[in-house]
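Accompanying notes for the structure given below.
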Amino acid sequence: MASSLVPNLELNHNCFSPNIGGTLSDQLTNCYQQLAEYSVSEGYTKQSILKQTIFISVSDNSEYYQSKQNLLVCAMGFFEKLPPTSILAQAPANTSLVLEVVLVAGLQSNEIFHRHNDESSWIIFERGETKILVAAGLCNTVEQSNILQQSNEVFRQLHQILMEENMEFSDIVRQWNYIEQITKNGDSNSQHYQIFNDVRSKFYQLSKFKNGFPAATGIGIDWGGIIIDIIAIKFDNDCSVISVKSPVQFDAYKYSKEVLAENNSISESCRTTPKFERAKLLNTPKNKMIFISGTAAISGQESTNPLSIKHQTEMTIQNMLSLMSVKNIENHGIGNVEKTSFNYVRVYVKYKKDMKPVKEVCLKYFLQIPIVYVVADICRPELLVEIEAQGRIN
């Protein structure tokens with residue numbers, strides 16, 4: 001059973017940029033045409049797509065929500081059943097829109113289930129005793145609510161989905177947290193990211209994380225409040241999930257108070273730490289896949305400041321390479337490792353003017369793999385770039 005599952009654990013990413021102008025819907029339609037051609041050539045079907053992320057450039061919240069509605073209509077015209085979808089106000093490097101998809105080969109129609117309740121939709125993949133849950137675009141539908149209200153509402157929605165699937169927060173292996181104006185101080189001089197972290201900590205107390213916290217990214221979006229995507233997995237007994245530590249960075253959940261921001265919006269808050277692992281390794285008999293959390297130019301728990309954008313990018317990648325080194329992976333008890341490699345990268349750049357030097361550094365290390373560059377604020381004001389990735393262990 002485990003061996004038959006293994007090919008389906010290879011999550012493949014691809015990204016498409018429009019080669020036409022026009023409205024965002026026109027550009028997304030063009031990306032879907034490219035996706036259809038790619039799927040035919042590579043043997044995928046629309047059912048193979050577990051998740052899609054659409055990055056867009058918009059000028060305010062009103063434009064964001066209107067664009068989101070239009071793009072969802074466009075997406076529903078392409079898919080028979082819409083996969084989990086996030087639409088993010090993170091401007092792509094060279095266009096107004098970029099489509100990113102996560103595909104899995106070899107799925108059978110009786111293994112994929114589209115589920116929904118009154119608030120959310122998600123998909124389930126089941127084979128034998130293995131169960132994978134994918135949800136994306138979880139958000140508060142009340143546009144005017146504050147970050148505290150939105151964080152509580154989105155985690156409540158996520159908790160409800162997990163309960164309906166007999167899963168817990170501890171089953172999440174990869175989480176993406178998108179936070180509007182992440183370093184902004186909102187109500188009561190409280191930083192948006194710290195508010196989010198404190199709400200996350202409150203909900204995570206509902207589970208016991210025997211295998212560590214999820215791999216995660218906490219990153220800024222220009223508009224859209226709080227948005228969360230997740231992948232959660234229950235494996236059979238032949239497989240395991242391993243938290244991978246960094247040899248050069250502290251566990252984020254062990255940060256001292258000195259590097260945390262203020263949050264006066266929650267009376268019971270004690271300024272909690274970000275609850276995520278540096279990486280999560282999915283260890284199966286024939287396949288080892290690793291999710292690498294959002295990584296920046298941090299040594300131990302301290303930002304290395306000041307550094308030029310090229311130096312920050314270089315240090316960020318070196319932090320990732322240290323985590324992905326053969327020695328470090330072997331130190332986590334999975335036996336002999338021949339090599340490690342990246343098969344997908346997403347790069348967040350704080351300022352658009354820095355995109356060119358960031359690309360110059362990245363292309364020295366990440367060749368012939370899908371890579372997406374977007375403009376997004378980073379969780380500390382002094383940080384200029386953050387990179388996340390997926391990789392293979394051989």
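The values are calculated or read from the model by the stated rules, or taken from the named source; none is laboratory data. Every value quoted in this text rests on a predicted model; they were computed, and no experiment measured them. With ideal geometry, Cβ positions are generated from the backbone for all residues, glycine too; neighbour counts draw on all protein chains shown.
Miscellaneous remarks
- When we screen Q47, Q52 for residues that are touching a strand residue (DSSP E or B) at 6+ places or on another chain (Cβ under 8 Å), over 19 Å from K350 (Cα atoms) and in a helix (DSSP H, G or I), the only hit is Q47.
- Options Q52, Q47, Q27: the member that is under 24 Å from D222 (Cβ atoms), under 22 Å from the mean Cα position of the chain (by Cα) and touching a residue at least 24 places away in the same chain (Cβ under 8 Å): Q52
- Some residue of the stretch 133-147 being assigned to a loop (DSSP other than H, G, I, E, B), within 19 Å of the chain's Cα centre (by Cα) and over 26 Å from N12 (Cα atoms): yes
- Count - residues of the stretch 73-110 that are in a loop (DSSP other than H, G, I, E, B) and under 19 Å from A136 (Cα atoms): 9
- Condition met for M320 (at pLDDT 95 or above and over 19 Å from R392 (Cβ atoms)): no
- Qualifying positions in the stretch 325-369 - over 27 Å from L307 (Cβ atoms), surrounded by 14 or more Cβ atoms within 10 Å (Cβ to Cβ) and touching a residue at least 60 places away in the same chain (Cβ under 8 Å): I329, H332, I334, N343
- Scanning the stretch 350-394 for residues that are at pLDDT below 95 and among the polar types (S, T, N, Q) yields Q368, N394.
- In the stretch 20-37, the residues that are part of a helix (DSSP H, G or I) and over 20 Å from S86 (Cβ atoms): D26, Q33, A36, E37
- Out of G77, G43, sole residue that is at pLDDT below 95 and not polar (S, T, N, Q): G43
- The set of residues in the stretch 185-207 that are among the acidic types (D, E) and under 21 Å from the mean Cα position of the chain (by Cα) contains only D198.
- Against the numbered list (1) touching a Leu at 6+ places or on another chain (Cβ under 7 Å); (2) modelled with pLDDT of 95 or more, R127 comes up short only at (2).
- Candidates A93, A89: the one that is of a type in the set (A, V, I, L, M, F, W, C), surrounded by fewer than 22 Cβ atoms within 10 Å (Cβ to Cβ), within 22 Å of V375 (Cα to Cα) and under 20 Å from the mean Cα position of the chain (by Cα) is A93.
- Qualifying residues in the stretch 236-270 (those that are in contact (Cβ under 8 Å) with a residue 12 or more places away in the chain and among the small types (G, A, S)) - the one nearest to V199 (Cα to Cα): S269
- Whichever residue in the stretch 133-156 is modelled with pLDDT under 95 and of a type in the set (S, T, Y) and, among such residues, is surrounded by the fewest Cβ atoms within 10 Å (Cβ to Cβ): T141
- The stretch 142-168, subset of a type in the set (V, I, T) and touching a residue at least 12 places away in the same chain (Cβ under 8 Å), residue farthest from I87 (Cα to Cα): I161
Let's see how each residue does on (1) closer than 17 Å to N177 by Cα; (2) of a type in the set (S, T, N, Q):
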site	(1), (2)
N94	no, yes
L103	no, no
G137	yes, no
S145	no, yes
Q150	yes, yes
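- Here Y65 passes the criteria (1) in contact (Cβ under 8 Å) with a residue 40 or more places away in the chain; (2) more than 20 Å from the chain's Cα centre (by Cα); (3) surrounded by fewer than 21 Cβ atoms within 10 Å (Cβ to Cβ); (4) more than 22 Å from L158 (Cβ to Cβ) except the one numbered (4).
- Where helices (runs of 4 or more DSSP H) sit wholly within the stretch 286-394, those with at least 3 residues that are farther than 24 Å from I230 by Cα and among the aliphatic types (A, V, I, L, M) occupy 309-323, 355-362.
- Subset of the stretch 86-119 [within 18 Å of Q160 (Cα to Cα) and either touching a strand residue (DSSP E or B) at 6+ places or on another chain (Cβ under 6 Å) or at pLDDT below 95 (or both)]: F113, H114, R115, D118, E119
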